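Colleague: Handing you a structure now.
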Amino acid sequence: MSILLDASTRLLVQGMTGSQGSFHSRLMREAGTQVVAGVTPGRAGASVAGLEDVPVVNTVAEAVEATNANAACIFVPAAFAADAILEDAAAGLDVIVCLTEGIPVLDMLRVMPRVRASGAHLIGPNCPGVTTPGDGVKVGVMPWAVHSPGHVGVVSRSGTLTYEVVQHLTDLGTGQTTTVGIGGDPIIGTRFIDVLSMFEADPVTHGVVLLGEIGGDDEERAATYIQERMTKPVTAFIAGKTAPPERRMGHAGAIVSGTSGSATAKESALRAAGVLVGETPEHAARLLVDRLR
Amino acid sequence: MKVHECDAREIFRRHGLPVPDWRVASTADEAAQAASAFEWPVVIKAQVLAGGRGKAGGVKLADSPAEAAAAATQILGLNIGSEPVRRVLVAPAVDIARELYLGVVIDRTAQTLVLMASAEGGVDIEDVAATDPSAILRVNADPLAGLADWEARQLGFALGLTGAQVRQFVGIAQGLVEAFVDVDASLAEVNPLVVDDDGNLQAIDAKLNIDDNALGRQPDIEQLRDPHEESAAERRARAAGLSYIKLDGTIGCMVNGAGLAMATMDVIKHYGGEPANFLDVGGGAGVEKITTAFELILEDPNVRAVLVNIFAGITRADDVAAGVIAARERLAQEVPLVVRVAGTREAEALALLEEAGIGAERSMDSAAALVVEAAR
């Protein structure tokens, strides 16, 4: 088992005719994902190299009608990405993974009520996606080769930091159920608590590595959730201890304002909830592997 | 992006906020002349993007043209934060009976806007939040629907306003939310919002930050950018698609991905070093981007060693390795270099580096330990 994705995932890709979209659609299929449709408005009938058997249509509704797609991956530019999310939510998809970085915050505030009303799980935006190694399913851009099937869940606000930790887990002989990059923006569809509750309910997941960073209070809220509800061990690493205040560290959501959002505050909250916090990403991976022995 | 007070005043006024008249001056003479258009006394305020102007001596009262010139001379000679004062704002001084706080920000938890108000205005609102959080009143506002009359009215009464003041307050609160949405702000603040001696509300300060992701559709706001907000290096980085922030340490960092870039700085610190910068080369880093990144890092005279830490996902590790090799040749600068590459096409990257005589580390921890040693 796994969370969010499994062997029944049927993926449509918005922006599959673009260079990033086509490149990563091929990689997703190589990993084993059922890529069933591409959606690019005005490009119906187009053929994508290496994916000639995948129909390209104009609208998400057509793609769902023709292929029973139940998940979407969004590779469209920031100016159109919020609209792409709305189109997926309206079509009743279960999982929407939005990789796009740079969506204006107000667009996300306008989108979120409709995503919530649709019941879809929106992952991102500004995220690397979701990977379930045991079922051979990946949606997004995570490097497949670092993954291995197993019993650890990974949830992270960062992309490359996730690969870093997944690689360490794999090197230590510990595979993953699902790795989820929830995204580095201030307004994201699925937050730490949502993913932690899915891992807690998933019988195959035995423990979780949480990778947080400065900005906001989702790590603190996750700490409360872990203390009150979680039975499985959680270890963590929080990036940004050395980040100066009031500066946006690459990710739109990674900013320390006054005393709120600091790495130290997040680490203390997690430690108080019984989470083992690593000094380095590698350390966080090792701590969980040791706990599960 | 931060907007100067004088520009924020203009925007707030457009949304119906009662902002008293003002003029902007960049010399003492101009300030004295501007002041003469108003009744005495006037207030002279430094126009800087940094906070804490009052404490830094950047706000003064003047009762005559001579005083105005003297105050402007002093303020124009200041550095606030590290920012030299280039302009002052001149406005009639208001007789203040009460100072309130009013601000709009994004509520990340509720995923909507939040209007914050406090009867304790004029002071740093974060101090109020830390010492007496109950003194800050909050009401969520939907960016599409705006703030309802009754919500603003309820807040006005809670602040102790009466009669006509409450009606004024409703317009101000709704106007501030509208302004926020109109310009894609990330912060819109009036501190203080004052009640003057006649009982009228006046917005005597204006603070506005804009969502960087929205600047593409806000060309008029982009025009207001103060080029001095960023250093020359940060400006160059932004133009090259790099995210660069200078810090005070000795170890230059080049990393892909914001989270890994922050973690790399933390790991350097963990092994006893100090990072000289945050630098995210982003996805798809080619030779040009990597050369620019190296140039930015090596322009900092404090840099004694450089750590390249790439975990290739979207990026190809061999492209990065080729970029590092080419950049090193082009720069011809002898600074110890530690390279760590992993991920997509890792083996090819390691072969390229070995051929060029650059040793590569496979783990981030060992690379960090090595670069800290090299920088000693």
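The values are calculated or read from the model by the stated rules, or taken from the named source; none is laboratory data. Remember, it's a predicted structure, so these values are computed and weren't measured experimentally. Please note: Cβ atoms are built from the backbone with ideal geometry, for glycine as well, and neighbour counts cover all protein chains shown. These area figures cover heavy atoms from the full protein model, side chains too; ligands, DNA and RNA do not enter into them. Shrake-Rupley method; radii C 1.70, N 1.55, O 1.52, S 1.80 Å.
Colleague: Pop the C-beta distance of B:Glu299 and A:Glu30 into the FRET formula with R0 = 41 Å and round what comes out to the nearest 0.05.
Modeller: Here the calculated transfer efficiency is 0.50.
Colleague: When the accessible area of segment B:1-55 is split by element with a 1.4 Å probe, what percent falls to carbon and sulfur?
Modeller: Accessible surface attributable to carbon and sulfur in segment B:1-55 totals 44 percent.
Colleague: Could you please tell me the mean projected area of the C-alpha convex hull for segment A:16-63, averaged over all directions and given in square nanometres to one decimal?
Modeller: With every direction weighted equally, the projected area is 3.0 nm².
Colleague: Also, I was wondering about something else. What does the accessible area of B:Glu126 come to, in Å² to the nearest 10, when a probe of 1.4 Å is used?
Modeller: 80
Colleague: Between helix B:163-182 and chain B, what is the angle of the helix's C-alpha long axis to the longest principal axis, kept within 0 to 90° and rounded to the nearest 10?
Modeller: The answer is roughly 20 degrees.
Colleague: Another question, if that's okay. Taking a spot 7 Å from the Cα of B:Arg225 along the direction of its beta carbon, which residues of segment B:170-188 have an amide N less than 12 Å from it?
Modeller: Within reach of a label on B:Arg225: no residues.
Colleague: List the DSSP H helices in chain A whose Cα atoms stretch 30 Å or more along the helix axis and whose mean Kyte-Doolittle hydropathy is at least 0.0. Don't skip to the end; give the middle numbers.
Modeller: On the way: long enough: none.
Helices passing the filter in chain A: none found.
Colleague: For segment B:1-129, place one equal point scatterer on every Cα, skip the solvent, and apply the Debye formula. What is log10 of I(q)/I(0) at q = 0.12, 0.13, 0.14, 0.15 Å⁻¹?
Modeller: Log10 I(q)/I(0), no solvent term: -0.52, -0.60, -0.69, -0.79.
Colleague: Another question about this same structure. Report the dimensions of segment A:115-154 along its three principal axes from the alpha-carbon atoms, largest first, rounded to Å.
Modeller: That works out to 35, 20, 16 Å along the principal axes.
Colleague: Compute the separation of the alpha-carbon centres of segment B:117-134 and segment B:182-206 and state it in Å as a whole number.
Modeller: Their Cα centres are 15 Å away from one another.
Colleague: Okay, moving on. Report, in deg cm²/dmol and to the nearest 500, the calculated mean residue ellipticity at 222 nm for chain B, where each DSSP H run with n ≥ 4 adds -39500 (n - 2.57) and the sum is divided by the residue count.
Modeller: For chain B, the value works out to -11500 deg cm²/dmol.
Colleague: I've got another one for you. What part of the accessible area of chain A, given as a whole %, is carbon or sulfur when the probe is 1.4 angstrom? Intermediate results must be reported in sequence, preceding the final value.
Modeller: Details: 5060 of 9900 Å².
Result for chain A: 51 percent of the exposed heavy-atom area is carbon or sulfur.
Colleague: While we're here: Given R₀ = 25 Å, what would the calculated FRET efficiency be for B:Trp40 paired with B:Thr73, taking r from the Cβ atoms and rounding to 0.05? Each step should come with its number before you reach the end.
Modeller: Values: r = 18 Å, r/R0 = 0.72.
That pair, B:Trp40 with B:Thr73, gives E of 0.85.
Colleague: Between segment A:112-153 and segment B:1-46, how many Å separate their Cα centres?
Modeller: Using only Cα atoms to place each centre, the spacing works out to 51 Å.
Colleague: So what J values fall out for segment B:340-356 if you push phi through Karplus, 6.51 cos²θ - 1.76 cosθ + 1.60 with θ = phi - 60°, rounded to Hz, Gly and Pro as x?
Modeller: My calculation for segment B:340-356 gives 10, 10, 8, x, 3, 6, 5, 4, 4, 5, 5, 5, 4, 5, 4, 4, 8 Hz in order.
Colleague: Give the Rg (one decimal place) followed by the Dmax (whole number) of the protein assembly as shown, computed from C-alpha coordinates and expressed in Å.
Modeller: Computed over the Cα atoms of the protein assembly as shown, radius of gyration and Dmax are 26.6, 81 Å.
Colleague: Could you sort out which of A:Lys241/A:Lys266; A:Lys241/B:Lys246; B:Lys246/B:Lys289; B:Lys2/B:Lys269 sit more than 19 Å apart by Cα distance in this structure?
Modeller: Where the Cα-Cα span goes over 19 Å, the pairs concerned are B:Lys2/B:Lys269.
Colleague: Can you list the residues, at least 5 places off or on another chain, whose amide H is less than 5 Å from the amide H of B:Leu100, using H built in the peptide plane?
Modeller: B:Gly121, B:Leu193, B:Val194, B:Val195
Colleague: Moving on. Which residue fluctuates most in the GNM of chain B (Cα springs below 10 Å): B:Pro301, B:Pro92, B:Pro84?
Modeller: In the Gaussian network model the winner is B:Pro301.
Colleague: So, one more: Of all accessible surface on segment B:233-354 at a 1.4 Å probe, what whole percent is carbon and sulfur?
Modeller: Carbon and sulfur atoms account for 50 percent of the accessible area of segment B:233-354.
Colleague: Please list the non-local residues whose amide H lies under 5 Å from the amide H of A:Ala72, H modeled 1.01 Å from N, same-chain partners needing a gap of 5 or more.
Modeller: Counting only residues 5 or more places away or on other chains, the set is A:Leu12, A:Val95, A:Ile96, A:Val97.
Colleague: To the nearest 10 degrees, how steep is helix B:287-299 against the longest Cα principal axis of chain B, on a 0 to 90 scale?
Modeller: For helix B:287-299, the angle is close to 70 degrees.
Colleague: Can you give the Kirkwood hydrodynamic radius for segment A:176-293, in Å, rounded to one decimal and based on Cα pairs?
Modeller: Kirkwood radius, segment A:176-293: 14.4 Å.
Colleague: For chain B, build the convex hull from the C-alpha positions and give me its volume per residue in Å³.
Modeller: 161
Colleague: Next question. Compute for chains A and B the buried accessible surface, both sides summed, probe 1.4 Å, and express it in Å² to the nearest 100.
Modeller: Chains A and B together bury roughly 4100 Å² of accessible area.
Colleague: Using a 1.4 Å probe on the heavy atoms of the protein chains only, list every residue of segment A:127-167 that has 20 Å² or more less accessible area in the complete assembly than in its chain alone.
Modeller: Listed in order, they are A:Val141, A:Pro143, A:Thr160, A:Leu161, A:Tyr163, A:Glu164, A:Gln167.
Colleague: Here's something else I'd like to know. Gaussian network model of chain A, Cα springs within a sub-10 Å range: biggest mean-square fluctuation belongs to which of A:Leu210, A:Leu276, A:Leu109?
Modeller: A:Leu109
Colleague: Another question, then. Give a quick list of GluC sites (Glu not before Pro) in segment A:16-81 that DSSP marks as loop, anything other than H, G, I, E or B, with at most 10 other Cβ atoms within 10 Å.
Modeller: Answer by residue number: A:Glu52.
Colleague: Could you tell me how many degrees, from 0 to 90 and to the nearest 10, lie between the Cα long axis of helix B:317-331 and the main elongation axis, the longest principal axis, of the Cα atoms of chain B?
Modeller: Helix B:317-331 sits at roughly 90 degrees to that axis.
Colleague: Over segment B:332-376, consider all pairs of different Cα atoms and compute the Kirkwood hydrodynamic radius from their mean reciprocal separation; express it in Å, one decimal.
Modeller: Hydrodynamic radius (Kirkwood, Cα pairs) of segment B:332-376 is 11.2 Å.
Colleague: Enumerate by residue number the GluC sites (Glu not before Pro) in segment A:177-252 meeting two conditions: DSSP loop (anything except H, G, I, E, B), and at most 12 other Cβ atoms within 10 Å of the site's Cβ.
Modeller: Answer by residue number: A:Glu246.
Colleague: Over the whole of B:107-120, what's the average partner chain Cβ count within 10 Å per residue? Rounded to a whole number, please.
Modeller: Averaged over the peptide's residues, the number is 3.
Colleague: Hey, for a label at A:Ser19 modelled as a point 7 Å past Cα toward Cβ, could you say which residues of segment B:273-317 have their backbone N under 18 Å away?
Modeller: Zone members listed by number: B:281-291, B:313-317.
Colleague: Report the accessible area of B:Asp127, computed with a 1.4 Å probe over the heavy atoms of all protein chains in place, in Å² rounded to the nearest 10.
Modeller: The accessible area comes out at roughly 80 Å².
Colleague: While we're on this one: Taking a probe of 1.4 Å, how large is the accessible area per residue of the protein assembly as shown, in Å²?
Modeller: 38
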